[in-house]
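Engineer: Would you mind keeping the following structure in view while I ask a few things?
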Amino acid sequence: MPTIATLAAFLEQVAPVRLAEDWDNVGLLVGDPQQEAKRIMTCLTVTPESAEEAIREKVDMIVSHHPLPFRPLKRITTETVPSKMVWDLIRAGVAIYSPHTGFDSAVSGINQSLGHKFGLTGLKPINPILNDPDALGAGRIGDLSAAVTLNDFVEDVKSLFAMKTVQVVGQPEQKLRRVAIACGSGGSFLHRAQQCGCDTFVTGETTFHTALEAKANGIALVLLGHYGSERFAVEMLAEEIKTKFSTSTVWPSKDEVDPLRFV
């Protein structure tokens with residue numbers, strides 16, 4: 001049976017900490033490294049619902065893409081939602097590991113996986129890390145095998161992710177060929193994507209002003225939603241962990257849902 005330390009070492013190989021952004025909080029955030037990891041649950045975010053599921057299902061370790069805690073906590077009490085979740089999980093003996101931006105940028109991480117889903121070739125980082133041994137970095141840029149219209153690209157994306165709607169900036173018939181990708185909240189990559197000659201930018205969410213900037217510069221913008229652009233990857237990660245540690249019970253959270261919906 002693997003220990004939490006063994007699982008953490010494996011996750012460090014999947015999503016190297018060196019790829020994480022300086023502001024991020026990644027790695028083993030809560031827990032005893034020597035504890036056995038018999039039951040493991042992945043999720044996008046530790047929420048009251050996913051934390052309750054972990055406690056109810058007697059999970060030993062949560063692998064949460066988004067860190068908990070993300071910002072430093074001065075007190076671990078039940079008076080705020082983040083500190084209450086940490087308190088409850090510690091009392092139940094549940095460890096927390098977060099790969100976050102290291103997983104975003106990894107060789108088989110979220111942005112690379114999105115690029116493969118879209119059928120892009122020549123994938124490379126939007127922001128490469130200088131002197132990185134694997135030539136990795138944040139975001140991805142790649143080319144479609146043939147130019148398509150924005151309307152056709154959007155329909156393909158909706159089909160790939162079983163989405164009824166996505167948010168779009170651009171003209172339905174404008175031609176797309178070079179695509180930039182930044183999962184999650186990736187609006188800050190727009191300028192760099194434009195510098196790299198991209199005519200399309202796919203991310204989870206961004207600001208109104210970034211949408212206006214994309215429109216003014218003739219760049220098609222496709223917003224999958226923060227949840228939509230990343231949740232699939234923690235489901236894939238659960239399968240990867242299950243394959244590596246076959247003696248453990250591993251699953252993606254069943255109670256986690258996108259907090260946003262269209263009505």
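The values are calculated or read from the model by the stated rules, or taken from the named source; none is laboratory data. Just so it is clear, the structure is predicted and the values come from calculations on it, not from any experiment. All Cβ positions, glycine included, derive from the backbone under ideal geometry; neighbour counts span all protein chains shown. Keep in mind that these areas ignore ligands, DNA and RNA; they rest on the heavy atoms of the full protein, side chains included. Shrake-Rupley method; radii C 1.70, N 1.55, O 1.52, S 1.80 Å.
Engineer: Among the residues of the stretch 120-135, what is the count of those that are surrounded by 14 or more Cβ atoms within 10 Å (Cβ to Cβ) and in a loop (DSSP other than H, G, I, E, B)?
Structural biologist: Of the residues in the stretch 120-135, 5 are surrounded by 14 or more Cβ atoms within 10 Å (Cβ to Cβ) and in a loop (DSSP other than H, G, I, E, B).
Engineer: Which condition does P67 not pass, out of (1) part of a loop (DSSP other than H, G, I, E, B); (2) open to solvent by 40 Å² or more (accessible area, probe 1.4 Å); (3) touching a residue at least 24 places away in the same chain (Cβ under 8 Å), if it passes all the others?
Structural biologist: P67 satisfies every listed condition except (2).
Engineer: Further, regarding this structure: Could you grab me the full set of residues in the stretch 163-187 that are of a type outside the set (D, E) and either in a loop (DSSP other than H, G, I, E, B) or at pLDDT below 95 (or both)?
Structural biologist: Answer for the stretch 163-187, where residues must be of a type outside the set (D, E) and either in a loop (DSSP other than H, G, I, E, B) or at pLDDT below 95 (or both): M163, K164, T165, V166, G170, Q171, P172, Q174, G186.
Engineer: Right, something else. Can you tell me how many residues within the stretch 36-56 are farther than 17 Å from F70 by Cα and either open to solvent by 40 Å² or more (accessible area, probe 1.4 Å) or not β-branched (V, I, T) (or both)?
Structural biologist: Adding up the residues that qualify gives 11.
Engineer: Can you tell me which residue in the stretch 207-240 is nearest to D104 (Cα to Cα), limited to those that are β-branched (V, I, T) and not in a loop (DSSP other than H, G, I, E, B)?
Structural biologist: Among residues in the stretch 207-240 that are β-branched (V, I, T) and not in a loop (DSSP other than H, G, I, E, B), the one nearest to D104 (Cα to Cα) is V234.
Engineer: Consider only pairs whose beta carbons are under 9 Å apart and that are at least six residues apart or on different chains; among these, list those whose first residue lies in the stretch 245-263 and is surrounded by fewer than 11 Cβ atoms within 10 Å (Cβ to Cβ) and whose second residue is among the hydrophobic types (A, V, I, L, M, F, W, C).
Structural biologist: Once the first residue is surrounded by fewer than 11 Cβ atoms within 10 Å (Cβ to Cβ) and sits in the stretch 245-263, its partners that are among the hydrophobic types (A, V, I, L, M, F, W, C) give T247/M1.
Engineer: Please work out if V107 is open to solvent by less than 20 Å² (accessible area, probe 1.4 Å), closer than 15 Å to A182 by Cα and either of a type in the set (V, I, T) or modelled with pLDDT of 95 or more (or both).
Structural biologist: No; evaluated as a whole, the condition is false for this residue.
Engineer: Specify the residue that is nearest to L68 (Cα to Cα); the eligible residues are those in the stretch 90-117 that are part of a loop (DSSP other than H, G, I, E, B) and within 16 Å of the chain's Cα centre (by Cα).
Structural biologist: The extreme case among them is P99.
Engineer: Go through (1) surrounded by 21 or more Cβ atoms within 10 Å (Cβ to Cβ); (2) modelled with pLDDT under 95 and name the single condition L89 misses.
Structural biologist: Evaluating L89 over (1) surrounded by 21 or more Cβ atoms within 10 Å (Cβ to Cβ); (2) modelled with pLDDT under 95 leaves (2) as the failure.
Engineer: If you don't mind, another one. Out of everything in the stretch 8-57 that is basic (K, R) and in contact (Cβ under 8 Å) with a residue 24 or more places away in the chain, what residue ends up being farthest from D258 (Cα to Cα)? Before the answer, list the steps.
Structural biologist: We begin by selecting, within the stretch 8-57, every residue basic (K, R); these are 18, 38-39, 56.
Applying the additional criterion that residues be in contact (Cβ under 8 Å) with a residue 24 or more places away in the chain yields 18, 38-39.
On the way: R18: 29, K38: 27, R39: 24 Å.
Of everything passing the filter in the stretch 8-57, R18 is farthest from D258 (Cα to Cα).
Engineer: Just the residues that are in a helix (DSSP H, G or I) and crowded, with 18+ Cβ neighbours inside 10 Å, please, taken from the stretch 1-35.
Structural biologist: I4, L7, A8, L11, V14, L19
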